[in-house]
1. Looking at the range 466-492, which of its residues are over 19 Å from residue 505 (Cβ atoms) and either among the β-branched types (Val, Ile, Thr) or not assigned by TED's automatic domain parsing to the domain that holds residue 505 (or both)?
2. crowded, with 21+ Cβ neighbours inside 10 Å and out of contact with any Pro (no Cβ under 7 Å at 6 or more places or on another chain), is that true of residue 190?
3. So, in the range 529-557, of the ones that are of a type in the set (Gly, Ala, Ser) and modelled with pLDDT of 95 or more, which residue ends up surrounded by the fewest Cβ atoms within 10 Å (Cβ to Cβ)?
4. Looking at the range 347-356, is at least one residue closer than 25 Å to residue 144 by Cα and either assigned by TED's automatic domain parsing to the domain that holds residue 149 or not in a loop (DSSP other than H, G, I, E, B) (or both)?
5. Can you give me the number of residues within the range 312-325 that are in contact (Cβ under 8 Å) with a residue 40 or more places away in the chain and over 22 Å from the mean Cα position of the chain (by Cα)?
6. Since residue 33 meets every condition but one in (1) at pLDDT 80 or above; (2) farther than 24 Å from residue 202 by Cα, which condition does it not meet?
7. Where in the range 245-303 are there helices (runs of 4 or more DSSP H), lying wholly inside it, with at least 3 residues that are outside the structural domain of residue 369 (by TED's automatic domain parsing) and small (Gly, Ala, Ser)?
8. For residue 226, state whether it is at negative phi, in contact with a Ser or Thr (Cβ under 8 Å, 6 or more places away or on another chain) and exposed (fewer than 15 other Cβ atoms within 10 Å of the Cβ).
Amino acid sequence: MKYTLLIFTLLILNNSFGQKSATEDSKIVYERIQEDVAIKVIGNEVKVSHSVIEKKHFHDQVNSSYASDRVYHGYFTRIKNLKASVAHVNAKGKYKTHKIEDIPEKSEFSGSTFYSDNSYFDIAYPNVAVGSKTELTYDIEVKDPHFMKRFYFSEYYPIENVEYTVTADAGVEIGWKLYGDQKDKVVFTKAEVDGEMVYKWTLKDSPALFSEPNGPGYLHKATHIVVYIKKYKGSSGEVSVLNDVADLFNWYQTFISDIRPTDNVDLKELTATVIGDATTELDKAKRIFHWVQDNIRYIAFEDGWRGFVPFPASEICDKRYGDCKDMSHLMYEMLAIAGVNAQHAWVGTRKLPYLYEDTPCPSVDNHLILSLVIDDSVYIMDATDANTPFAVPTSFILSKQTLFKSALGDYQLYTIPAFTADYCTVVDEIDLTVDGTAAVGKSSKTIETFEYSRFHNLYGSANTEKDDFLRQYLELGQNNFEISNASIEAVIPRAKTAISFDYRIPDYASSFGELSFINLNLTKPFASEILQKDRKYSYEIKYKKKWQSTVSFVMPSASTITNIPEDVTFKCEYGSCVASYKMDGNTLVYSRIITIDVLTVPTSGLETWNDFIKQLVAVYNTTIEFK
């Protein structure tokens, strides 16, 4: 949604870098990171500036991609006095410093996000070798006091000394909150010096960050501080900036008022066509939501002030693309034309660890959606995913707070539900028999809601080879699985899809003497998710999920089952499993329901989670004997 200035160099290192926190074992070490912030009151305004120093020491040879830095700036922040140098050590142990003269400024493009007036300075340090040291200094001018940036006490390299200082004029009140792994080890001091308040946070020997599969977002683990100006005494009296959530909400409302109004006959005619004969607010909202999903292409786009203020609705409609703000605002205008009062709603994705009450500042959110309140029920409208049903949010904002205008005109906070596993149900109906040692039959897979979205987003991707993806997605038994006659049917648009197919699994059944063996657990969800006992971070799950499987094993002619496994039922706080068998003539029907009922497994729950997965694996390893 919005642009955040990142001073650190975000380098994803290999495991030899990431998991060694001791300074002497790392190829690169920050000897010092220091940032000094000055908050000055001038007349009735407050000015914010930063001075940054970063020093690195290279303990081993690295390639050129690690011998570089980037310094970002954009609409709200300007970089000044940028200087960089590299010092090389000679055979006598003496250092010679070389100033970096050529520091190009480049436009920014990151992943699927476009930046227009945001850019970065690209610093390449030449001839970096063992023992080389680099130094980077610059100043930052902040154009708007609402945009004090985060400061990081940790990096993907170890840091020997980190220091963050805020010096504020008398009468300036600031707020702050620490986050991340080492937050309890950050030392804080506060003193009055020459009539100014000096706040200082320091951390020594900050270990290197590293990544784990399915771990939380960077900001959940990186030790960092969010500082914001609550209020100050100007020449005309006290000025409130971000004293509380109400201040943040009122400031956000100015962005909405800055949008050029839409008085467009075409948009009104389009809205009338889209809602058709719908008479209730809910039906009108559904039709407008689905039209935007189908006709406006989502493109992440951040552009200074445009990172906060959407384009006018008529322009979005004409262009047929936009970001989250644009799509939400188009829906807002169309709903208003239709007589439905929805509201712009700010929300932080699950990558962010913040609550509005803790940090009432722009760092708290990064996404804009719509909220619609009808008869005290809140409906979340996020059209950035073209494959989600009405009122079901995208998975990356599940369980997150959203901020919007209430019916009374003040702010309202609403926590988006995590949604139960029933909203992501996968149902497999599998007919199975054996042809020699091959398992053969027909199958159908029905997917709902979040799994529907995941499947169609991947299957519809321009970069996906559809046949290969479909075979992998539908795989049964083992990886020599063969598929034919696949058919995809939209049962309920954006909510349920059924996929039917014929299959063959060579060499799936086995024999020993007169006995034959076959495993009816043709799908094994989460079987490989045993977590390391020393895992450092929580295990994150995109959405709760239910797998419902029914396998109908038609016995070969003249064969009999020699044993039927006992039914199994177990559950824990993270999920459950029910598995049962019954004979129906010459057919053994195996029914199994597995649920995952959480979005996060904390490190304190690893043992319980692993025990649950081990129980699942034991179920998956159950075989049927017949002769």
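1. Listed by number, the residues that qualify are 488, 491, 492.
2. It is false that residue 190 is crowded, with 21+ Cβ neighbours inside 10 Å and out of contact with any Pro (no Cβ under 7 Å at 6 or more places or on another chain).
3. So, considering only residues that are of a type in the set (Gly, Ala, Ser) and modelled with pLDDT of 95 or more, the one surrounded by the fewest Cβ atoms within 10 Å (Cβ to Cβ) is 552.
4. Checked against the condition, which is being closer than 25 Å to residue 144 by Cα and either assigned by TED's automatic domain parsing to the domain that holds residue 149 or not in a loop (DSSP other than H, G, I, E, B) (or both), the range 347-356 yields at least one hit.
5. Result for the range 312-325: 4.
6. Against the list (1) at pLDDT 80 or above; (2) farther than 24 Å from residue 202 by Cα, residue 33 comes up short only on (2).
7. Ranges flagged: none.
8. no
The values are calculated or read from the model by the stated rules, or taken from the named source; none is laboratory data. Quantities reported herein were computed from a predicted structural model and do not represent experimental measurements. Cβ atoms come from the backbone with ideal geometry, glycine included; neighbour counts cover every protein chain shown.
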